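Structure first, then comments.
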Amino acid sequence: MHPAALWKALPDRRVSCRLCAHFCRIDDGQRGLCGVRENHGGALFTLVYDRVAAANLDPVEKKPLYHFLPGTTTFSFGTMGCNLSCSFCQNFSLSQPPRQGKAIAGQRATPAELVAAAKGAGAASVSYTYSEPTVFFELMAETADLAHARGLKNILVSNGFQSPACLDALAGRIDAANIDLKAMRPEFYERICGARLKPVLQNLVRIRELGWWLEVTTLLIPGDNDGTEELTELATFLVKELGPDTPWHISRFHPDFAMRERPPTPPETLERAYAIGREAGLRYVYVGNVRDRATSATHCPGCGERLIEREGMGLLAARTVGGRCFACGAAIAGVGLP
Ligand code: SF4
């Protein structure tokens, strides 16, 4: 156990966790909703500070981030635990066991060891990912500070359900983020994820204000969040509140966790969502979890030339020059584009 950050003492040895937008009030001896923060005698502790459950060297495109240091690798790690309980979770073996009272697996790895591993592997960045990094905030924050000190960038891959205090604490530590916007209906977040939509929308706007490079992902689940009206509303929010240069990743659902009876997202739904995003004014829309060169490519917003091609999860070819279209010279939004 390791002392937790961002909590307040309450009467009768209760505590209020201030890390995510659930703001759990936790009795002595109990855990919060995420299952990885526990009240011991009126003080809050994290159970995952020394429990790294997954670590890999990934192409940054896999996060997915398509406009941040493309073609580089990112040292990615996560612990178990999540503050949401999405029934379609594609990483449920990492995210859900602590919520179900099961053992919290993982190995001890200090922030210094994690950063040394990232440097040794030649990564350009460290990614906090796989489960929900908010719930391993203490390990993330310390690692991020060391990573910056050693010239690495920091990437947050998250459901966007942090508290305002958590985002403030991450402000100078994170350089880029991919945030899920899972739906535009509050009912979806409440029924399927055990969370709320409003904090996610507010956090997306706040992240834009913080100046992190931001990309957004939406997993399309047949019959739940793939209606034309809802997708139009979502794409319009991205354009109006975050700007037309915000890349939007539309991701294909495959049956998982408690949603095994649902079919995968049909190709025509992905095509429709792609068209909706472009029509709403988004300059960079991508379809993920499928192998399609056309919808995973970056096209010039000026002349339409296909500029950056990807295959699988990696960069294939880039025809930009100093972040500009080789043909018409239009600037392509992003950080560290070739
Ligand atoms: S991180 Fe969120 S879910 Fe976990 S204890 Fe704190 S407020 Fe509750």
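The values are calculated or read from the model by the stated rules, or taken from the named source; none is laboratory data. Quantities reported herein were computed from a predicted structural model and do not represent experimental measurements. Positions of Cβ are backbone-derived with ideal geometry, glycine not excepted, and every protein chain shown enters the neighbour counts. SASA here: full protein model, heavy atoms, side chains in, ligands and nucleic acids out. Shrake-Rupley method; radii C 1.70, N 1.55, O 1.52, S 1.80 Å.
If you take the residues of segment 5-16 that are open to solvent by less than 60 Å² (accessible area, probe 1.4 Å) and part of a loop (DSSP other than H, G, I, E, B), which of them is nearest to residue 165 (Cα to Cα)? The qualifying residue nearest to residue 165 (Cα to Cα) is 6.
Per the conditions (1) within 22 Å of residue 117 (Cβ to Cβ); (2) open to solvent by 40 Å² or more (accessible area, probe 1.4 Å), the sole criterion not satisfied by residue 155 is (2). In a residue-by-residue description of segment 252-269, the property of being hydrophobic (A, V, I, L, M, F, W, C), in the same structural domain as residue 91 (by TED's automatic domain parsing) and closer than 28 Å to residue 173 by Cα applies to no position. Taking segment 32-64 as the range and being assigned to a strand (DSSP E or B), within 15 Å of the ligand (Cβ to nearest atom) and in contact (Cβ under 8 Å) with a residue 60 or more places away in the chain as the test, the residues that pass are 37, 46. If you go through segment 290-305 one residue at a time, do you hit one that is at positive phi and at pLDDT 95 or above? Yes, segment 290-305 contains at least one residue that is at positive phi and at pLDDT 95 or above. Can you tell me which residue in segment 214-235 is most open to solvent (accessible area, probe 1.4 Å), limited to those that are among the hydroxyl-bearing types (Ser, Thr, Tyr) and either assigned to a helix (DSSP H, G or I) or at pLDDT below 95 (or both)? Here the residue is 228.
Residues of segment 181-198 that are in contact (Cβ under 8 Å) with a residue 12 or more places away in the chain, closer than 14 Å to residue 21 by Cβ and surrounded by fewer than 22 Cβ atoms within 10 Å (Cβ to Cβ): 186, 194, 196, 197, 198.
Looking only at segment 127-145, residues that are more than 16 Å from the ligand (Cβ to nearest atom), open to solvent by less than 10 Å² (accessible area, probe 1.4 Å) and either at pLDDT below 95 or more than 10 Å from the chain's Cα centre (by Cα) (or both) come to 2 in all. Restricting attention to segment 17-31, the residues that are surrounded by 17 or more Cβ atoms within 10 Å (Cβ to Cβ) and in a strand (DSSP E or B) total 4.
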